[in-house]
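Beneath this line is the structure, given in structure tokens, with notes to follow.
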Amino acid sequence: MSLKHIKSTSRMRGLCLRLLVPMVKATRICCKWTRSGSEGSGLPPAPLGARILTDPDCTFQHNMWDHVKWSEEDEENAKQKAMENSTERIPIEEQGKFDREACKYWDSFYAVHKNKFFKDRNWLLREFPELLPGGAEDDGLVPRSCSREHEEEQQALVSTGTQGQAADGENFCLHAPADAIDFPGKQAAFRILEVGCGAGNSVFPIITSMRGTRTFLYCCDFSPRAVQLVKEHPSYNPSLCHAFVHDVCKEDAPFPFPPLSLDVILLVFVVSSIHPARMQGVVNQLTQFLKPGGMFLFRDYGRYDLSQLRFKKGCCLSENFYSRGDGTCVYFFTKEEVRHLFSNAGLEEIQNLEDRRLQVNRREKVTMRRVWMQSKFRKPS
């Protein structure tokens, strides 16, 4: 390359940089970035994202804005739409099938969509560091349960144990200590259960992150097709994960692990699909499988989310509970309802947030107000 060509190239690069700098400055003033700690602390972004819209003229520069404030008018309009679409409800005599045949509706859903409908939840470890051993301590949230206390509690329950069933069909004492029976993942130092795993959109991001950590993942769904999709995934590994068909609404349905054996239970967009009358029983039952100090990690739909406001009249089953066109159901929570649900199961609140975001379709110039709930509750040590 000639000296003349090198000088020419250098001048072009300098020109490009001078043109680019004003554009960067113009973009950065459209939003501010928040952090969970002080400036320069090296801590991760604040919970629920950190992109804050400060200039409405910049709305369409990003696909999503975090921590969006609603005006009183926004709140009233949303409330009015929800009231309007719930005035005409599905007849009482027809409502029972949506609860009785929920498995059929979700199985049909996965037969049609397979694993193409939902995206992988690669954000999970960012919002829920507790999914990895030591994640809670690293985040300054929760100390893990004392292993000696855990062992003593297990031993105390043996004498009052009832009979359950392991994954291979053998009976075991429901309250027997974990080291007294054989079950998948017995040798793991850290155990996670995801309820309502679907096609594995949480499962495989977790598996990727937990390799080499002596962690074992259980995942269940009451749709046999969904569980089969998980098992057919190229990343599924029985030495790291055990997928099984299970309906958490059936109190007598056995789990493939004993009580007091789980460190984390993950509930992501699953409790909302359960009939409101059954929700408390499900949380109560799952709680007995957590170790003392174990965590529930919860994310689901919030009250007045766009998807609630889009329902037509005649889709409402009960207050804030709807049936979609494919027969699957969805409930929309408030912070108070989430707190009540887990506190009634004897759990301690660690985090209970309402996640309000502005989702943007930049091509169509359309904005959509999304509302989700994100919570963490701990079983007392």
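The values are calculated or read from the model by the stated rules, or taken from the named source; none is laboratory data. From a predicted model like this one, the values you see are computed outputs, not experimental measurements. Here Cβ is always computed from backbone atoms with ideal geometry, including for glycine, and neighbour counts include all displayed protein chains. Just so you know, the surface numbers come from the protein's heavy atoms only, side chains and all, with ligands and any DNA or RNA stripped out. Shrake-Rupley method; radii C 1.70, N 1.55, O 1.52, S 1.80 Å.
All but one of (1) touching a strand residue (DSSP E or B) at 6+ places or on another chain (Cβ under 6 Å); (2) open to solvent by 10 Å² or more (accessible area, probe 1.4 Å); (3) aromatic (Phe, Trp, Tyr); (4) within 25 Å of Ala189 (Cα to Cα) hold for Tyr236; state the number of the condition that does not hold.
(1)
Pull out all pairs, ordered by first then second residue, where Cβ-Cβ is under 7 Å, the residues are six or more apart or on different chains, the first lies in the stretch 200-226 and is among the acidic types (Asp, Glu), and the second is open to solvent by less than 10 Å² (accessible area, probe 1.4 Å) and in a helix (DSSP H, G or I).
Hits for this filter: Asp221/Val227.
Pairs only if they're at least six apart or on different chains, beta carbon under 9 angstrom, first in the stretch 239-256 and among the aromatic types (Phe, Trp, Tyr), second open to solvent by 40 Å² or more (accessible area, probe 1.4 Å) and in a loop (DSSP other than H, G, I, E, B); list them, first residue then second.
Correct list of pairs: Phe244/Ala167; Phe255/Ala167.
Quickly run through the stretch 323-367 and pick out the residues that are more than 29 Å from Thr54 (Cα to Cα), touching a residue at least 60 places away in the same chain (Cβ under 8 Å) and surrounded by 16 or more Cβ atoms within 10 Å (Cβ to Cβ).
Those that are more than 29 Å from Thr54 (Cα to Cα), touching a residue at least 60 places away in the same chain (Cβ under 8 Å) and surrounded by 16 or more Cβ atoms within 10 Å (Cβ to Cβ): Ser323, Cys329, Tyr331, Leu341, Ala345, Leu347, Ile350.
Within the stretch 90-118, track down each residue that is farther than 18 Å from Ser272 by Cβ and in contact with a Leu (Cβ under 9 Å, 6 or more places away or on another chain).
Lys114, Asn115
I need every pair where a residue in the stretch 84-99 that is assigned to a helix (DSSP H, G or I) has its Cβ under 6 Å from the Cβ of a residue that is hydrophobic (A, V, I, L, M, F, W, C) and open to solvent by 30 Å² or more (accessible area, probe 1.4 Å), sequence separation at least 6 or different chains.
Asn85/Phe311
Identify all residues within the stretch 109-122 that are open to solvent by 60 Å² or more (accessible area, probe 1.4 Å) and either outside any helix (DSSP H, G or I) or not aliphatic (A, V, I, L, M) (or both); write none if there are none.
Result: His113, Lys114, Asn115, Lys116, Phe117, Phe118, Lys119, Asp120, Asn122.
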